[in-house]
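Scroll down for the structure; my scribbles are underneath it.
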Amino acid sequence: MDMKSKLNMDVVNAPMSGIRKIADSVAQMKGIIRFDLGEPDFDTPKHIREAAIKAIHDGFSHYTVAPGIVELRKAIAEKLKNDNSMEYDPETEICVTAGGAGALYCGLQSIVNPGDEVIIPDPAWPVYLGILAILEAKPVFVTIKEKDKFNMLPSEVEKKITPKTKCIVVNSPSNPTGGVMSEENLRGISEIAKRHEIFVFSDEAYEKLILGGTKHVSIGSLPGMRDLTINQFTLSKTYAMTGWRLGYCAAQKDIMAPIRKVSLYSITHVSSIVQKAAVAAITGPQDCVKEMVEEFKVRGKILADGLNATGKISCIVPEGAFYVFANISQLNMKSEEFVLKMIKEAGVSAINGSSFGASGEGYVRFCFANSRENIKKAVVKIQDFVKTL
Ligand SMILES: Cc1ncc(COP(=O)(O)O)c(C=O)c1O
């Protein structure tokens, strides 16, 4: 039987993330200082872990309502009001999802039809491309540049609008660049969305990881944007909970209704126990987040200064997330070749910028969710390695 011809070719042919390719091969090696995968190295704070353990002991082990327990949706609505200046009704406008990734999938599936165009940043988190391929939508790239502090410029977005444009994906703070969108640029994009009646999908996975002077603004809080924006958040990065798989989505109720359906038909709901832990995370003390951000600020600076000291790699100190997106164009090497050689010869891993899109070529993403000691050690190794090139 010709098995392949019987499968869904959109899924078969959807691109695989280059991040996994590097990460999976590095995972087999010993002694590598890892800057490849994008996840906090901290443990989930104790009060959150205890809430999960309590939920288990309390026998909170049955199905919950599909969009998430009321207690959690109410906590999310309060958080969105206080932290993001957005009002969404927990009854009808919030859905707890399987990580931010779940919110993204349910959100895009609910608005995108085959042939629709979706504007995404380039470079970007590769998952956008994968989902759009499965949905038979066309990605339209807007290059984001180092000289613009890795902001997506409204003037560039405007050039890409066509009658088929369905949605603009905004990701701030950004993976892979560490850029944070200025309020002015977000306002510019919001004006375009309103004028052309286009949705905005706002990926705010790194909202709390603000390391520089640019304040985080939720585009959905800007005038007239509440009903046009699908807002995605996650506990993964804020509370070092990547493995727990809990995120959430907020949107106007007519958009939320299909989002809830996609979530229901794919996962039913997020684990009951994890939902209880999420209540503790969102309503509990937030010092753990502050401490983590302070640590990331120090680490980002050590890494950026160390890379700049090579004289051949240059980078800006990141404004957000936990990534340095370093410019290696002076070395006249493809980013993939650089990364593979660095892993082999220096014992330090990172991800080639080309994994995040064509405009990522000439850059390498270093995730500094690693200890200060390891970052310092790695910087020396990278400096020695670069001298050999
Ligand atoms: C830009 C961006 N958005 C969303 C996510 C989703 O994370 P999760 O599904 O763990 O919540 C990630 C994770 O790496 C990310 O980098």
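With each label modelled as a point 7 angstrom along the Cα→C-beta vector, the His57-Glu91 pair spans 3.6 nm. In the distance distribution for segment 46-283, Cα-Cα pairs more than 28 Å apart total 27 percent.
Angle of helix 70-84 to the longest C-alpha principal axis of the chain, folded into 0 to 90 degrees and rounded to 10: 60°. When peptides 19-32, 101-114 are sorted by average Cβ neighbour count within 10 Å, with the highest value leading, the order is 101-114, 19-32. Comparing Cα centroids, segment 132-181 and segment 337-369 end up 22 angstrom apart. Phi angles of segment 288-304 translate, via the Karplus equation with coefficients 6.51, -1.76, 1.60 and θ = phi - 60°, into HN-Hα couplings of 4, 5, 4, 4, 5, 5, 4, 5, 4, 4, 5, 5, x, 6, 4, 5, 4 Hz per residue; Gly and Pro are given as x. Let me make sure I get this right: for segment 174-292, a, b and c are the square roots of the gyration tensor eigenvalues over alpha carbons, sorted descending. Under 1.5 in a/c it's rounded, otherwise prolate if a/b > b/c, else oblate. Which is it? Oblate, since a/c reaches 1.5 and b/c is not below a/b. Classification of segment 12-161 by its C-alpha gyration tensor yields an oblate form. The axis ratio a/c (a ≥ b ≥ c) is 1.5 or more, and b/c is at least a/b.
When the helices of the chain are scored as -39500 (n - 2.57) per DSSP H run of n ≥ 4 and the total is divided over every residue, the value at 222 nm lands at -13000 deg cm²/dmol. Each residue of segment 330-340 was assigned a 3J(HN,Hα) from its phi angle through the Karplus expression (A = 6.51, B = -1.76, C = 1.60, θ = phi - 60°), giving 4, 7, 6, 10, 5, 4, 5, 4, 4, 5, 4 Hz with x at Gly and Pro.
Cross-linked pairs Lys334/Lys377; Lys138/Lys166; Lys341/Lys387; Lys208/Lys290: Cα-Cα separations exceed 18 Å for Lys334/Lys377.
Each reported figure results from applying straightforward, stated rules to the coordinates on display, with no laboratory input. What you see is a predicted model; the values in this text were computed from it and never measured. Positions of Cβ are generated from backbone atoms using ideal geometry, with glycine treated the same way; all protein chains shown enter the neighbour counts.
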